[in-house]
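The values are calculated or read from the model by the stated rules, or taken from the named source; none is laboratory data. On a predicted model such as this, the values are computed, not experimentally measured, just so you know. Every residue, glycine as well, gets a Cβ built from its backbone with ideal geometry; the counts of neighbours run over all protein chains shown.
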Amino acid sequence: MYTYIDIFINYLQAEKNVSKHTLESYQRDLFQGVDFFAHLLGKKDAHIKPEDINYPLVRDYLSKLHRDRLARTSINRKLASWRSFFRFLCREGIITGNPLARVNSLRLEKRLPSFLFEEDCRTLVETPSKNDLLDLRDRALLETLYASGMRVSELVNLNTGELDLSARYIRLLGKRGKERIVPVGFPAAESLQRYLDAGRPLLAARGKPAGQAVFLNKYGNRLSARGVRKIINKHVRLSCLGRHVNPHMMRHSFATHLLENGADLRSVQELLGHADINTTQIYTHLTRARLKEIYDKTHPRARSLDDLKGDRILAGKEKY
């Protein structure tokens, strides 16, 4: 089984251009499954063959994941890994039947993504206001995240050659190597330029050559995703927002604010780099909920008749 898993992982890397993080997830899910199947079949894991895996065995595996209280999203991810693996084996003629063909993914609750209101975003990105080295970097980082809606992986992999600050465009390499060009506003472009002129050269001098990485840590090396989260947490505390904020919330806020201010869904899909517009569709639910909240708070006849009657009594306008 391990030989076929290695072939499958190489296929994903070479043919599908899957990211390193996704490859690691696939490999981890498949290895964990092999351990379970080996235990259930009473075999050594190295002796398991693809044809040993059948529908009842897969059901037992899913039952174990339920008993272990794994989240439905995690179970579905593991199921997707095995489904892709066996689909590959069938296509290559290694096996004749897919034991996961009748196994459905678990239904997930539709959860709206968390986002920040416009005023909170403004407060957060303007919190690093000093002209010292790290504040120059942090201001540029926060402005860029909010202005472009890029993923944190895209931010940490950003290189200086992908910036065109005079035209206010950034070239991004998204999932599966898909390239897109996103515009940024004047505040982001100006913050980036200040950082590149006065901050980055001094940071780069502190460590090993960081190549063309845009965002560097305090040691002069390319900033990591964990480092981005630490920077955001630091400025959330300083800005006294009073809530948890992660890098992806900046992306959610970017999309939500565009739609709230009249952008069409297709444009937002293009800016976010979503392959499927259904992925972008969730933001319309978010904005509908937000618009209803605003309506209920501000329209004079949005509330119940009893509430309106109480208001008239308090105002001395009720007739008896």
Single unsatisfied condition, LYS292 versus (1) farther than 20 Å from LYS130 by Cα; (2) without any contact (Cβ under 8 Å) to a residue 60 or more places away in the chain; (3) surrounded by 12 or more Cβ atoms within 10 Å (Cβ to Cβ): (3)
Considering residues of region 183-215 that are out of contact with any strand residue (DSSP E or B) (no Cβ under 7 Å at 6 or more places or on another chain) and of a type in the set (Lys, Arg) only, the residue surrounded by the most Cβ atoms within 10 Å (Cβ to Cβ): ARG194
Scan region 231-244 and tell me whether some residue there is over 30 Å from LEU134 (Cα atoms), assigned to a loop (DSSP other than H, G, I, E, B) and more than 20 Å from the chain's Cα centre (by Cα). no
Out of ALA205, ALA263, ALA210, report the one residue that is modelled with pLDDT under 85 and assigned by TED's automatic domain parsing to the domain that holds ARG171. ALA210
Counting only residues that are part of a strand (DSSP E or B), over 18 Å from SER19 (Cβ atoms), in contact with a strand residue (DSSP E or B) (Cβ under 6 Å, 6 or more places away or on another chain) and not β-branched (Val, Ile, Thr), how many does region 164-182 have? 1
So for region 36-49 (the condition being touching a residue at least 12 places away in the same chain (Cβ under 8 Å) and either hydroxyl-bearing (Ser, Thr, Tyr) or in contact with a Gly (Cβ under 7 Å, 6 or more places away or on another chain) (or both)), does at least one residue qualify? no
Of the residues that make up region 71-80, is at least one in contact with an Asp or Glu (Cβ under 8 Å, 6 or more places away or on another chain), under 24 Å from GLY174 (Cα atoms) and not small (Gly, Ala, Ser)? yes
The residue from HIS235, HIS257, HIS274 that alone is of a type outside the set (Val, Ile, Thr) and closer than 14 Å to PHE117 by Cα is HIS257
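Looking only at residues that are of a type in the set (Gly, Ala, Ser) and closer than 24 Å to THR3 by Cα in region 47-83, which one is surrounded by the most Cβ atoms within 10 Å (Cβ to Cβ)?
SER81
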Run PHE86 past the list (1) within 21 Å of THR3 (Cβ to Cβ); (2) modelled with pLDDT under 90; (3) among the hydrophobic types (A, V, I, L, M, F, W, C) and report the number of the one that doesn't hold. (2)
Take the residues of region 8-30 that are among the hydrophobic types (A, V, I, L, M, F, W, C) and surrounded by 15 or more Cβ atoms within 10 Å (Cβ to Cβ): which is nearest to ARG77 (Cα to Cα)? LEU30
From the list PHE115, PHE36, pick out the single residue that is surrounded by 15 or more Cβ atoms within 10 Å (Cβ to Cβ), touching a His at 6+ places or on another chain (Cβ under 8 Å) and either at pLDDT below 90 or not basic (Lys, Arg) (or both). PHE115
